[in-house]
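> Have a look at the structure that comes next, please.
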Amino acid sequence: MENFVVSARKYRPAHFNTVVGQSSITTTLKNAIRNNQLAHSFLFCGPRGVGKTTCARILAKTINCTNITPDIEACEQCENCRSFNSGQTLNIYELDAASNNGVDDIRNLTDQVRIPPQMGKYKVYIIDEVHMLSAGAFNAFLKTLEEPPSYAIFILATTERHKILPTILSRCQVFSFHRILVEDIANQLDFIAKSEGVEAEQDALHVIAQKADGAMRDALSMFDQVVSFAGKKVTYKAVIDNLNVLDYDYYFRLTDHLLEENIPSALLLFNEVLANGFDGHNFISGVAAHFRNLLVCKDPQTLQLLEMGQNIRERYREQSEKCSQLFLLRALGLVNKCDVAYKNARNQRLQVEFTLMQLTALNAPVIAGEKKNDGLNPVFGIKSGAPSTLAATQTIPVVPANPQPEILQRPADVPPATIEKQQPVAFVEEEKVVLVLEKKQPLKTGVSISSFITRTEEKKTEVVIENNAILSGSFTQEKLESAWLKYAETVRSKRQETDYHSLTMNMPVRLSENKVSFTVYNKMAEERLNSTKTELMGFLRNELQNSVFTLEFILSKEEGAQKIYTSADKFRRLAEINPALTKLKQQFDLDIDF
């Protein structure tokens, strides 16, 4: 039985021009060789499987080649190239720093550096996973790395650049390898499939490339696995079954259910995903990626950002035409919120299901002037698209306390109307009253607000008033003082004695119908009362049944009316009453205890 060689080794690049997705780095290295400007130490850093060690080996072979091609590639014919390809070269020394990370290992390496190459021009030392070296090993390596012999070249490779000492970084030319693009991986897989006589669908290769997350080695390992599973014909379904990848079809079906506002179908689809062994977090992350792809398809200029096969790309383009941009943006917001909260949720399945139910409400009709809140329909109990007698909606501006009549903002199908002078019907903090009118009940000309409300009530029109109605009932000074003292007692029950004394040093004064003032005697009391003014106003409005009055704190300028807070204030007040205290303090040279 012939030994099997995995694709990652069999198709490992042997020349600079066969390295996938790192053209800027390979071009720089080739120019350095051409111009004889080769540095004595390099640091190759980047994610796994992107070609760091491969480029190090190609560089080592090329600089020792005795017959370099005009394109700055190894000739593969000279003795140095043949010995390298057979693994018998003595000019290239590879060290795994993960298992040789001590000071003694580095000392052995520096001892070998003293020996010049027996054949070839350079002696190359490749140290893989260099970040695993201990601090002592790094320090032992510093001097040799900074001033090596002319024939010695060091190539360090790592996936974690942040763990490398700055003193090491300053002695190296740093090359940052990036993740390989999905399209580049898919093209390389297609080349390997044809070389191996494997018939592979483009969509299947793109799924492998996406799951590889920019690592060519991972992509080749998954390709071998799928070929072992499916044989010489690699299909899209074989890939998603073998690699345990959620099919795009789930997301397309889910989006259709959301656009149809079909909650049961969306929940059943999620249940099917869980039954197939997929994690809920994986599913919600896929939903977010799906909405992102749909949003990308809305503009032809960003269509190139889709990294997938042509067939699936066409499906995305078709479905994106059914989705509004506003829907996709709100959906992404909801899904992202679910993604963040998923790990901390006790009932993770419910977290996802609740998000799906919110997503189904994003296309529901919205009351005029109302903001959508997390995809929830503002009119609860009314399913969008279902038969309903509630058809027209409108917003009424709030009438001020001394009202001047304003015209109702009407729906498109309601004729103009003039509103007679009347007392305000309702007041709303957010300055709007939402009316849901019965179908085919237009507002006739010359009808006042009050008569309009009366007539619509007779026709069973539902009036929805958002927030709490604003009341403007009158109150007396006695009732104001009673409510004020009641609030002060609640403050005292919370053991806030300072605030209690500030509130009870005097009583508020009713200046006019809806204006109240309260005098404070120092800046500290004014600041503390202002910090709790919202709570105080809420309590008084509830007690007085008046939510339009205003409260103003006035800082007293009378020196004698100041409240005593410190020991110095107390002594000063007592000295005013009995001047002998001042003489006593001076006679015995007493200090005030602060």
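> For V273, what charge total do you get from the other residues with a beta carbon under 13 Å from its beta carbon, if Lys and Arg give +1 and Asp and Glu give -1?
-3
> Applying the Karplus parametrisation 6.51 cos²θ - 1.76 cosθ + 1.60 with θ = phi - 60° to the phi angles of region 318-325, what ³J(HN,Hα) value in whole Hz is obtained for each residue in order, glycine and proline being reported as x?
5, 6, 5, 5, 7, 9, 6, 5
> For a distance above 19 Å, tell me the whole-number percent of Cα pairs in region 66-125 that qualify.
Here the tail beyond 19 Å accounts for 43 percent of pairs.
> For V234, enumerate residues with amide H under 5 Å from its amide H, sequence gap 5+ or separate chain, H modeled in the peptide plane.
Those qualifying (amide H under 5 Å, at least 5 residues apart or on another chain) are E199, A200, E201.
> Nothing charged except the Cβ atoms of Lys and Arg (+1) and of Asp and Glu (-1): what's the magnitude of the dipole of region 285-348 about its Cα centre? Round to the nearest 20 debye.
300 debye
> Now, a different point. Evaluate the Kirkwood expression for the hydrodynamic radius of region 473-584, namely the inverse of the mean inverse distance over all pairs of different C-alpha atoms, and round to one decimal in Å.
Every distinct Cα pair counted, the radius reaches 15.5 Å.
> Keeping every protein chain in place, order K494, K194 by accessible area at 1.4 Å, biggest value first, i.e. largest first. It would help to have the intermediate numbers written out before the result.
Working: K494 110, K194 145 Å².
Of K494, K194, the descending order of accessible area is K194, K494.
> If you plug each phi of region 125-136 into the Karplus form 6.51 cos²θ - 1.76 cosθ + 1.60 with θ = phi - 60°, what whole-Hz ³J(HN,Hα) values come out, in order, with x for Gly and Pro?
These are the phi-based 3J(HN,Hα) values: 10, 9, 10, 8, 6, 5, 5, 7, 5, 6, 4, x Hz.
> Let me ask something additional. A 20 angstrom limit on the alpha carbon distance is what I want to check against. Which of K486/K533; K52/K121; K211/K322; K194/K232; K494/K523 exceed it? Let's see the in-between values first.
On the way: K486/K533 15 Å; K52/K121 23 Å; K211/K322 28 Å; K194/K232 10 Å; K494/K523 23 Å.
Where the Cα-Cα span goes over 20 Å, the pairs concerned are K52/K121; K211/K322; K494/K523.
> Can you give me the long-range amide H partners of L156? Hydrogens built in the peptide plane at 1.01 Å from N, cutoff under 5 Å, separation of 5 or more residues or another chain.
Amide H to amide H, under 5 Å and 5 or more residues apart or across chains, L156 pairs with F42, L43, F44, I127.
> Okay, next question. Whole-Hz ³J(HN,Hα) for each residue in region 273-281, computed from phi via Karplus 6.51 cos²θ - 1.76 cosθ + 1.60 with θ = phi - 60°, x for glycine and proline: what do you get?
5, 5, 5, 7, x, 8, 7, x, 5
> Normalise the Cα radius of gyration of region 180-330 by 2.2 N^0.38 Å (N = residues in it) and let me know the number.
1.09
> Using only Cα atoms, what is the ratio of the radius of gyration of region 62-181 to 2.2 N^0.38 Å?
Normalised Rg, Cα atoms only: 1.14.
> How much accessible surface area, in Å² rounded to 10, belongs to the heavy atoms of K163 with a 1.4 Å probe?
100 Å²
> Need one number: convex hull volume per residue for region 1-101, Cα atoms only, in Å³.
Dividing the Cα hull volume of region 1-101 by its residue count gives 147 Å³.
The values are calculated or read from the model by the stated rules, or taken from the named source; none is laboratory data. Given the structure is predicted, the values throughout are model-derived calculations rather than measurements. We place every Cβ from the backbone using ideal geometry, glycine too, and count neighbours over all the protein chains shown. Areas reflect the complete protein model, heavy atoms only, side chains present, ligands, DNA and RNA absent. Shrake-Rupley method; radii C 1.70, N 1.55, O 1.52, S 1.80 Å.
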